Amino acid sequence: MRYHNITTDDMRNGDGLRVVLWVSGCSHCCKECQNPVTWDPNGGLLFGEPEKQEVFKELAKDYVAGITFSGGDPLYYGNRPQIQKLAKEIKEKFPDKTIWLYTGFVWESVASLEIMRYADVVVDGEFIVEQKDTQLHWRGSANQRVIDVPATRKAGHIVLHCKG
């Protein structure tokens, strides 16, 4: 897997103070995307053990609420195995930290992926510039949903995150 950046002390990409992993690779190519540089799956840098340890170091801080996977698209086909493995490891090592995941795929097409066993919140759907709304919490366009994954899996239907 490749990535473009690891940001820390982020307050814009999920609830609470977070570490964000910006991965490379996206097949959606949304018009007026905020991160088109991340579309190329061969762009950015290789994500290896030093980068994973950097993420873990941030997650070990009491005041960090969790990690957000963004990009690009963490669920771009080439990213799925590594994101799933990393999410599982984070959930095992830091069970009290939340995992947020931004994807251009809609929930209905990714709900059965194993990674959803570890995700707490998924922001789904492509960014649609015609539905852009800067007043929305944690999403760029009105079609996107902020989904409470554990509640959705339990209920068998989409349950939105309370602030989404």
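Out of curiosity, is residue 53 among the polar types (S, T, N, Q) and either assigned to a loop (DSSP other than H, G, I, E, B) or closer than 26 Å to residue 130 by Cβ (or both)? No, not satisfied.
Scoring residue 88 on the criteria (1) part of a helix (DSSP H, G or I); (2) without any contact (Cβ under 8 Å) to a residue 12 or more places away in the chain; (3) closer than 25 Å to residue 145 by Cα leaves a single failure, condition (2).
Looking at 43, 14, 66, 48, which is the one that is at pLDDT 95 or above and farther than 20 Å from residue 89 by Cβ? Exactly one of 43, 14, 66, 48 is at pLDDT 95 or above and farther than 20 Å from residue 89 by Cβ, namely 43. Just one of the numbered conditions (1) in contact with a Gly (Cβ under 9 Å, 6 or more places away or on another chain); (2) surrounded by fewer than 21 Cβ atoms within 10 Å (Cβ to Cβ); (3) not aromatic (Phe, Trp, Tyr) is not true of residue 95: (1). Among the residues making up region 59-85, those that are within 18 Å of residue 9 (Cβ to Cβ), touching a residue at least 12 places away in the same chain (Cβ under 8 Å) and not in a helix (DSSP H, G or I) are 60, 63, 64, 65, 66, 67, 68, 69, 70. Under the condition of being surrounded by 18 or more Cβ atoms within 10 Å (Cβ to Cβ) and among the β-branched types (Val, Ile, Thr), which residue from region 7-43 is farthest from the chain's Cα centre (by Cα)? Of everything passing the filter in region 7-43, 38 is farthest from the chain's Cα centre (by Cα).
For region 122-148, taking the residues that are of a type in the set (A, V, I, L, M) and in contact with a helix residue (DSSP H, G or I) (Cβ under 6 Å, 6 or more places away or on another chain), the one that is nearest to residue 87 (Cα to Cα) is identified as 122. Residue count for region 33-50 satisfying the condition of being of a type in the set (A, V, I, L, M) and either out of contact with any Asp or Glu (no Cβ under 9 Å at 6 or more places or on another chain) or assigned to a helix (DSSP H, G or I) (or both): 2.
The values are calculated or read from the model by the stated rules, or taken from the named source; none is laboratory data. No experiment lies behind these values; they were computed from the predicted model shown. Positions of Cβ are generated from backbone atoms using ideal geometry, with glycine treated the same way; all protein chains shown enter the neighbour counts.
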